[in-house]
Amino acid sequence: MDNQIVTIQTQPFEGQKPGTSGLRKKVKVFQQPHYLENFVQSVMNTISVEDRTTLVVGGDGRFHNDIAVQTILKMALANGFKKVIVGINGLVSTPAASHLIRKYNAIGGLVLSASHNPAGPNEDFGIKFNNASGSPAPEGVTNAIFENTQAINEYLISDMDAVDISDAQEIDLNDMVVQVVDSVADYTELMQSLFDFDALKQGFASGQLSICFDAMHAVTGPYAKSIFEATLGAAEGSVINAAPLTDFGGGHPDPNLVHAKELIDIMSQDSAPALGAASDGDGDRNLITGKGCFVSPSDSLAVIALNHRAIPQFKNGLAGVARSMPTSTALDRVAQTLSLDCYETPTGWKFFGNLLDAGKVALCGEESFGTSGDHVREKDGIWAVLCWLSIMLESNKSPESLLRDLWQQTGRSYYCRHDYEGVEGDKANQLLAELTDSLPTLAGTEVSGLMVKAADVFSYSDPVDDSVSNNQGVRVFFENGSRVVFRLSGTGTDSATIRVYLERVENDPQQCDEDAQEATKALGEIAKQLSKMEALTGMTAPTVIT
Ligand code: VG1
Ligand code: CO
C-alpha cells in the first residue's frame with residue numbers, strides 16, 4: 001500500500017491531562033482538528049523509538065471509536081511501530097485490551113473509552129494508555145504525557161486510506177503489520193483457562209445455576225453471549241441488551257441500582273434467575289445481585305476474598321488483597337480472618353498495577369463496581385461474574401446466603417455513596433479546600449452525637465516504587481468505627497462531581513439486616529454538615545445514591 005508520512009504542524013490544547021482513567025472529554029472536543037492527534041503523539045513521544053514494537057488498539061465501540069482507531073493506525077505507522085493489534089471493527093473491552101497487551105507482548109495499548117459515561121455525538125469520548133503489563137499508565141507516565149501535550153508543535157501521520165478491520169486478518173502495510181483479532185475468542189479462552197468451565201456448564205445444565213446478564217447495549221454483549229450462552233450453556237436470552245450500539249441505546253451504561261433498573265426489576269420477580277449481573281460501557285465494572293438482593297461492590301469483593309478457594313485461579317491461595325481507599329473495610333476484616341496482606345490504594349485501577357506486578361496481591365477491588373484478579377491489569381466485569389458463579393456452584397448457596405455468611409463471620413459494613421453532580425468546578429474545589437482547612441481541629445469534637453476520632457487527607461506511598469500520590473481524598477473517622485470520605489471525581493467531562501462515601505460498621509451479627517441507605521442516612525447528614533454542602537453548593541441532597 002502506498003503511503004506518505006506527513007508532518008503536521010500543531011499547537012498545544014489546554015487541559016489534556018489524564019484523570020482517574022485517561023483523558024475524557026465531549027466528542028465535540030475530540031472532533032476538533034488535531035485534538036486526538038496531539039494526545040496520541042504525546043503518548044507515542046513517551047515511548048522510545050526502539051521500543052515501538054507492538055501496540056494494541058481498541059475501544060468500547062462508542063460514537064467516534066471507528067474514526068479514532070483509523071487515526072491511531074495512521075499515526076502508529078508514521079511513528080515507526082512494527083505491529084498494531086486491533087479488535088474486529090475496533091471493538092475491545094477494557095479487560096480484553098489488557099489481556100491482548102499481555103498475550104501479544106505489546107509495549108502498551110491505546111484504549112478508547114469513556115466507560116459508563118453516555119455516548120453519542122453530543123456525549124463523551126475518552127482515551128487512555130496502558131503499559132506493557134496491561135495496566136493503566138501510572139502517574140509518572142501520565143504526567144509525562146501531559147507535559148508532552150503542553151509543548152507539542154507537530155505530529156506524524158500517514159496519508160494512507162482507512163484499513164479494513166471488519167474481519168480477523170493480517171494486513172501488511174510494508175513497514176507495519178495490522179493484525180485484526182477476534183478479541184472475544186481470545187478473552188473467552190482466557191476465562192476458560194482460569195475457571196472450571198466443565199463444572200460451570202454442568203451447573204447450568206442441572207439448573208443449579210442460571211443468570212440474567214445485562215450488557216446495557218455496550219461492549220460486553222458479544223463476550224457475555226460467547227461465554228455464558230454459547231460456552232457455558234446458559235439459556236438463550238440470558239444476556240439482555242446484548243447488541244453493542246454506538247450510543248449505548250441512549251442509556252447510561254453504569255451498572256448500579258439507578259441505571260441497571262431493567263435488571264433489578266427482573267431480579268425482584270419470583271421467576272428471577274439465581275444470579276443477576278450487569279457491566280458498564282467498556283466491560284470493566286460489574287454489578288452483582290441475587291433474587292431481590294443487591295450485593296454492594298465492597299461486599300462482593302469481600303465475598304470473593306472469603307470464598308477464594310472456590311475459584312480455580314486462587315486454589316493455591318491468595319498472595320494478598322487490595323482495595324481503593326473509599327471502598328469499605330469489609331475486605332480488611334476478611335483479610336484479617338484469613339491472615340492475608342491487605343493494601344489500601346487511591347481511587348483508580350492504575351494504583352493496583354505495581355502491587356499486582358510485584359505479586360503482592362492477586363485480588364483487587366473498588367467500591368465503584370470494579371473487581372479483578374492478577375490475570376489482567378484492569379478491572380474485569382465478566383471475570384467477577386464467573387467468580388460468583390463458581391462460588392455459588394461450590395457452596396450451593398444463593399448470593400443472599402453468601403452475603404449473610406460474610407456478615408456472620410466478619411460483621412457488616414453498611415455502605416453508601418452519595419454523588420453531588422453538576423457542581424461548578426470552583427465551588428467544588430472550595431468545598432474540599434475549606435474541609436481540608438477544618439481538619440486539624442476536628443479530632444475530639446462531636447458532630448450530631450458522633451465523636452470524631454481522626455481526620456486527614458489521604459496520601460499514598462507506593463510500596464513497590466516508593467512514588468507518592470498526595471491529596472487523594474479527605475477522610476473523617478469516628479470513634480464508633482464509622483467513616484466518611486470526600487473526593488472529587490476525576491472522570492467527568494464538564495462540571496464537577498463531589499463524591500461522599502459513607503461507611504458504618506456493625507459487628508453484631510444480629511444487627512445486619514437494615515437497609516444500607518437507611519443505615520447510613522445519619523452519616524450522610526453529618527457529611528453535609530461537615531462539608532457545608534448546602535451553603536457552598538446550594539445542594540440539599542445528592543443527585544445519585546448507590
Ligand atoms: C470513577 C470511580 C473509580 C474508577 C474510575 C474509572 O472515578 O470512582 O473507582 O476507577 O471511575 O472507572 P472518579 O474519579 O470519577 O471517582 V471506569 O469503569 O469509569 O473506567
Ligand atoms: Co468502565
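The values are calculated or read from the model by the stated rules, or taken from the named source; none is laboratory data. Computed from a predicted model, the values in this text were never measured in an experiment. A quick note on method: Cβ atoms are made from the backbone with ideal geometry, for glycine too, and the neighbour counts reach across all protein chains shown. Surface accessibility is based on the protein's heavy atoms, side chains included, excluding ligands, DNA and RNA. Shrake-Rupley method; radii C 1.70, N 1.55, O 1.52, S 1.80 Å.
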Meets criteria (out of contact with any Lys or Arg (no Cβ under 6 Å at 6 or more places or on another chain) and buried (at least 23 other Cβ atoms within 10 Å of the Cβ)) for Leu406: yes
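Among Glu421, Glu446, which is within 22 Å of the chain's Cα centre (by Cα) and not polar (S, T, N, Q)? Quick ask: steps written out before the conclusion?
On the way: Glu446 fails: within 22 Å of the chain's Cα centre (by Cα).
Checking each option against the conditions leaves just Glu421.
Which is open to solvent by 10 Å² or more (accessible area, probe 1.4 Å), of a type outside the set (Asp, Glu), touching a residue at least 12 places away in the same chain (Cβ under 8 Å) and not in a loop (DSSP other than H, G, I, E, B), of Val57, Val43, Val6, Val69? Outline the logic, then answer.
Numbers: Val57 fails: open to solvent by 10 Å² or more (accessible area, probe 1.4 Å); Val43 fails: open to solvent by 10 Å² or more (accessible area, probe 1.4 Å); Val69 fails: open to solvent by 10 Å² or more (accessible area, probe 1.4 Å).
Going through Val57, Val43, Val6, Val69 in turn, just one is open to solvent by 10 Å² or more (accessible area, probe 1.4 Å), of a type outside the set (Asp, Glu), touching a residue at least 12 places away in the same chain (Cβ under 8 Å) and not in a loop (DSSP other than H, G, I, E, B): Val6.
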Does segment 406-437 hold any residues that are in contact with a Pro (Cβ under 7 Å, 6 or more places away or on another chain), more than 19 Å from Thr337 (Cβ to Cβ) and not acidic (Asp, Glu), and which are they? His418, Tyr420
Just one of the numbered conditions (1) under 15 Å from Ile145 (Cα atoms); (2) surrounded by 14 or more Cβ atoms within 10 Å (Cβ to Cβ) is not true of Glu14; which one? (2)
Being touching a His at 6+ places or on another chain (Cβ under 8 Å) and not in a loop (DSSP other than H, G, I, E, B) is the requirement here; does Leu110 meet it? no
Total residues in segment 92-107, condition over 16 Å from the mean Cα position of the chain (by Cα) and either polar (S, T, N, Q) or surrounded by fewer than 24 Cβ atoms within 10 Å (Cβ to Cβ) (or both): 6
Is segment 114-132 home to any residue that is at negative phi, small (Gly, Ala, Ser) and away from ligand 1 (no atom under 16 Å from the Cβ)? yes
Taking the conditions exactly as written (in contact with a Pro (Cβ under 7 Å, 6 or more places away or on another chain) and either within 16 Å of ligand 1 (Cβ to nearest atom) or not charged (D, E, K, R) (or both)), does Phe63 satisfy them or not? yes
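Every residue, every condition in (1) surrounded by fewer than 20 Cβ atoms within 10 Å (Cβ to Cβ); (2) within 16 Å of ligand 1 (Cβ to nearest atom); (3) closer than 27 Å to Gly411 by Cα, yes or no:
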| site | (1), (2), (3) |
| --- | --- |
| Val464 | yes, no, no |
| Val468 | yes, no, no |
| Glu479 | yes, no, yes |
| Gly490 | yes, yes, no |
| Val505 | yes, no, yes |
| Glu518 | yes, no, yes |
| Lys532 | yes, no, no |
| Met539 | yes, no, no |
Reported set for segment 259-294 where residues are within 16 Å of ligand 1 (Cβ to nearest atom) and modelled with pLDDT under 95 is His259, Ala260
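Here's the yes/no breakdown for (1) away from ligand 2 (no atom under 16 Å from the Cβ); (2) within 15 Å of the chain's Cα centre (by Cα); (3) under 22 Å from Cys512 (Cβ atoms):
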| site | (1), (2), (3) |
| --- | --- |
| Ser271 | yes, no, no |
| Leu287 | no, yes, yes |
| Lys291 | yes, no, yes |
| Val295 | yes, no, yes |
| Ala302 | yes, no, yes |
| Ala305 | yes, no, yes |
| Asn316 | yes, no, no |
Residues in segment 409-418: is at least one open to solvent by 40 Å² or more (accessible area, probe 1.4 Å) and either closer than 25 Å to Gln472 by Cβ or aliphatic (A, V, I, L, M) (or both)? no
When every residue in segment 189-216 that is under 26 Å from the mean Cα position of the chain (by Cα), open to solvent by 50 Å² or more (accessible area, probe 1.4 Å) and touching a residue at least 24 places away in the same chain (Cβ under 8 Å) is compared, the one farthest from Ala310 (Cα to Cα) is Gln192
So Asp462, is it more than 16 Å from ligand 2 (Cβ to nearest atom), within 20 Å of Thr436 (Cα to Cα) and in contact with a helix residue (DSSP H, G or I) (Cβ under 7 Å, 6 or more places away or on another chain): no
From the option list Asp494, Asp466, single residue qualifying as acidic (Asp, Glu) and without any contact (Cβ under 8 Å) to a residue 60 or more places away in the chain is Asp466
I'd like to know if segment 343-362 contains one or more residues that are more than 17 Å from the chain's Cα centre (by Cα), hydroxyl-bearing (Ser, Thr, Tyr) and under 24 Å from Thr289 (Cα atoms). no
When you look at Cys364, is it under 20 Å from Ser115 (Cβ atoms), open to solvent by less than 40 Å² (accessible area, probe 1.4 Å), of a type in the set (A, V, I, L, M, F, W, C) and within 16 Å of ligand 1 (Cβ to nearest atom), yes or no? yes
Of the residues that sit in segment 286-318 and are more than 24 Å from Ser459 (Cα to Cα) and in contact with a Lys or Arg (Cβ under 7 Å, 6 or more places away or on another chain), which one is least open to solvent (accessible area, probe 1.4 Å)? Lys315
